[in-house]
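The values are calculated or read from the model by the stated rules, or taken from the named source; none is laboratory data. Note that the structure is a prediction, hence the values are computed from the model and not measured. Cβ sites come from the backbone with ideal geometry, for glycine too, and all protein chains shown count toward neighbours.
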Amino acid sequence: MYHMKHIFLAVLPLILFIAGCTKSDEKTGSYSNDRAVGASARDLLSNESYTSLKIEIQYMSGFKPDTAAISHLASVLASRLNKPDGIEVVQLQIPASAGTMLSTKDVMNIEKQNRTVYTSGNQLGVYFLFTNGNYTDNNVLGIAYRNTSMCLFGKTIHDNSGGIGQASKTKVEATVLEHEFAHILGLVNTGSSMQAPHQDAPHGAHCNNENCLMYYAAETTDILGFLVTGNIPSLDANCINDLKANGGK
């Protein structure tokens with residue numbers, strides 16, 4: 001389930017790619033941001049309607065994303081999305097949440113109160129939130145919960161990375177960021193149709209290849225042991241073919 005149990009996050013305070021049009025959009029704009037995960041997959045992947053992308057990363061005090069993880073995410077997206085006018089990443093600190101345990105509904109409310117980047121003109125807007133609390137399921141590191149919205153649970157990531165015997169913060173955040181973003185790109189079989197069977201149906205919108213970024217274990221703390229010595233997972237050939245068939249590179 002892409003809106004539950006995921007581990008992908010990373011944030012950066014700089015623009016990694018220069019985007020073309022960057023018009024401000026109102027929350028009441030024509031583009032709907034409250035659709036299901038995967039509903040904007042083709043818009044994100046192709047240049048048919050939108051030629052640039054702006055990613056807004058909002059974080060709570062003490063949980064600013066790892067710069068290297070954001071750079072890694074930007075590089076991966078540049079290699080998969082057809083956005084000739086560029087990909088831009090902006091960051092903004094927001095007030096901390098009073099709650100230490102956050103539900104999907106809580107996250108949605110925080111986004112509603114704070115998000116500023118929306119789709120406008122030929123530029124798509126995407127939102128990432130880094131929280132100071134944990135998810136209602138402590139094993140979850142991140143979630144994709146709408147067609148352009150994702151969240152990383154900063155407290156859980158902080159407690160499970162960067163220490164002795166733990167995976168680096170860069171690896172954990174990059175993995176979660178990229179896994180969640182791949183969900184809004186329609187993987188697996190939820191917006192980007194499979195070109196060959198590879199969905200791990202018992203685990204929802206995930207790949208059956210345990211070495212793939214979209215393997216189900218990558219959405220929970222189960223991935224942490226692997227990341228201590230392993231590299232940030234990448235998409236396998238089947239997942240890449242699905243993205244290419246839906247307008248990606």
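Just a few scattered comments:
- Residue in segment 40-61 that is within 27 Å of Val172 (Cβ to Cβ), out of contact with any Ser or Thr (no Cβ under 8 Å at 6 or more places or on another chain) and surrounded by fewer than 17 Cβ atoms within 10 Å (Cβ to Cβ) present: yes
- Total residues in segment 156-169 satisfying the condition of being part of a helix (DSSP H, G or I) and either among the hydrophobic types (A, V, I, L, M, F, W, C) or surrounded by 21 or more Cβ atoms within 10 Å (Cβ to Cβ) (or both): the figure is 2.
- Residue in segment 186-209 that is closer than 30 Å to Ser61 by Cβ and acidic (Asp, Glu) present: no
- Single match in Val117, Val89 (criterion: in contact with a Phe, Trp or Tyr (Cβ under 8 Å, 6 or more places away or on another chain), assigned to a loop (DSSP other than H, G, I, E, B), buried (at least 20 other Cβ atoms within 10 Å of the Cβ) and not polar (S, T, N, Q)): Val117
- Residue among Glu178, Glu210 that is assigned to a loop (DSSP other than H, G, I, E, B) and either farther than 18 Å from Ala144 by Cα or at pLDDT 95 or above (or both): Glu210
- Tallying residues that are within 19 Å of Lys54 (Cβ to Cβ) and of a type in the set (Lys, Arg) within segment 91-125 yields 2.
- Test: residue in segment 216-224 that is among the hydroxyl-bearing types (Ser, Thr, Tyr) and out of contact with any His (no Cβ under 7 Å at 6 or more places or on another chain): yes
- Cβ pairs under 9 Å, 6+ apart, first in segment 152-176 and on the phi < 0 side of the Ramachandran plot and among the acidic types (Asp, Glu), second in a helix (DSSP H, G or I) and surrounded by fewer than 24 Cβ atoms within 10 Å (Cβ to Cβ): Glu173/Ala68; Glu173/His72
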